[in-house]
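Worksheet: one structure, shown below.
The values are calculated or read from the model by the stated rules, or taken from the named source; none is laboratory data. Since the structure is predicted, the reported quantities are computational estimates derived from the model, not experimental observations. Note: ideal-geometry Cβ built from the backbone for every residue, glycine included; neighbour counts use all protein chains shown. All accessible areas refer to the heavy atoms of the entire protein, side chains included, with ligands and DNA or RNA removed. Shrake-Rupley method; radii C 1.70, N 1.55, O 1.52, S 1.80 Å.
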Amino acid sequence: MPPEPKVTVRVAELSDVDQIRDLIVVSARALSRDYYKSEQIEAAIAHVFGVDTTLIADATYFVAEEKGELVGCGGWSKRRTLFGGDQYAARDPGLADPARDAARIRAFFVHPKLARQGVGRTLLTRCEAEARAAGYKSAELMSTLPGVSFYETNGYLPRPRTTFTVGEDVEIEFVPMRKVF
């Protein structure tokens, strides 16, 4: 296992949105190309992947920095929305109930130069700890295909793949996953 990178994790701020958006594009294009066609990646970037400013407002979205450069992002949510940035129309901003609902693990992206070096794990550990502290007993997420092995390694169990149509009738597969704390 590679050594953990020396990253600083902090709560994301609205002033980070442009850098987060840029990171999402770079990450999705580089790390998804072995799993999705270019048209699927571009449709996902345009219609699904993106910054959810509700998470930033809730202070449950984090950025990882290395030497002052944003190299990762991800968060958890107490909202019902399972995935999708501000541009994704099928979002439900209602609050989840920790007594019966799972926390949502949301929008994890890592710069390709630091992929598989612990940045995602550092962010996920922070998110899970905060969700547990807020009373959640489990977490769920909607993984992209390249993220499945990462989440499985961290204790998430996959469910059957699901297909969403995004953009101009572009189909893209995701994997719903869940972990009990």
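Worth pointing out:
- Residues in the range 41-78 that are assigned to a helix (DSSP H, G or I), surrounded by 22 or more Cβ atoms within 10 Å (Cβ to Cβ) and touching a strand residue (DSSP E or B) at 6+ places or on another chain (Cβ under 6 Å): 3 in all.
- Verdict on SER138 being open to solvent by less than 40 Å² (accessible area, probe 1.4 Å) and either of a type in the set (Lys, Arg) or farther than 17 Å from LEU55 by Cα (or both): yes
- Close pairs from the range 111-124: first crowded, with 21+ Cβ neighbours inside 10 Å, partner aromatic (Phe, Trp, Tyr) and outside any loop (DSSP other than H, G, I, E, B), Cβ under 8 Å, at least 6 apart: GLY120/PHE108; GLY120/PHE150; LEU123/PHE62; LEU123/PHE108; LEU124/PHE108
- Being out of contact with any strand residue (DSSP E or B) (no Cβ under 7 Å at 6 or more places or on another chain), open to solvent by less than 50 Å² (accessible area, probe 1.4 Å) and small (Gly, Ala, Ser) is true of ALA30.
Residues are listed down the side, and each one gets a yes or a no for (1) under 13 Å from the mean Cα position of the chain (by Cα); (2) among the aliphatic types (A, V, I, L, M):
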residue	(1), (2)
ARG121	yes, no
ALA129	no, yes
PRO158	no, no
THR162	no, no
PRO176	yes, no
LYS179	no, no
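- So SER38, is it touching a Phe, Trp or Tyr at 6+ places or on another chain (Cβ under 7 Å) and either closer than 28 Å to LEU157 by Cβ or open to solvent by 20 Å² or more (accessible area, probe 1.4 Å) (or both): no
- Test: residue in the range 9-20 that is in a strand (DSSP E or B), under 14 Å from the mean Cα position of the chain (by Cα) and surrounded by 21 or more Cβ atoms within 10 Å (Cβ to Cβ): no
- In the range 79-106, residue nearest to LEU55 (Cα to Cα) [restricted to those that are open to solvent by 30 Å² or more (accessible area, probe 1.4 Å) and outside any loop (DSSP other than H, G, I, E, B)]: ARG79
- Subset of the range 33-68 (residues that are more than 19 Å from ILE105 (Cα to Cα) and among the polar types (S, T, N, Q)): SER38, GLN40
- Residues that are assigned to a helix (DSSP H, G or I) and without any contact (Cβ under 8 Å) to a residue 24 or more places away in the chain were ranked within the range 26-40; the one that is farthest from GLY74 (Cα to Cα) is SER38.
- Any chance LEU145 is open to solvent by 10 Å² or more (accessible area, probe 1.4 Å) and within 23 Å of LYS37 (Cα to Cα): yes
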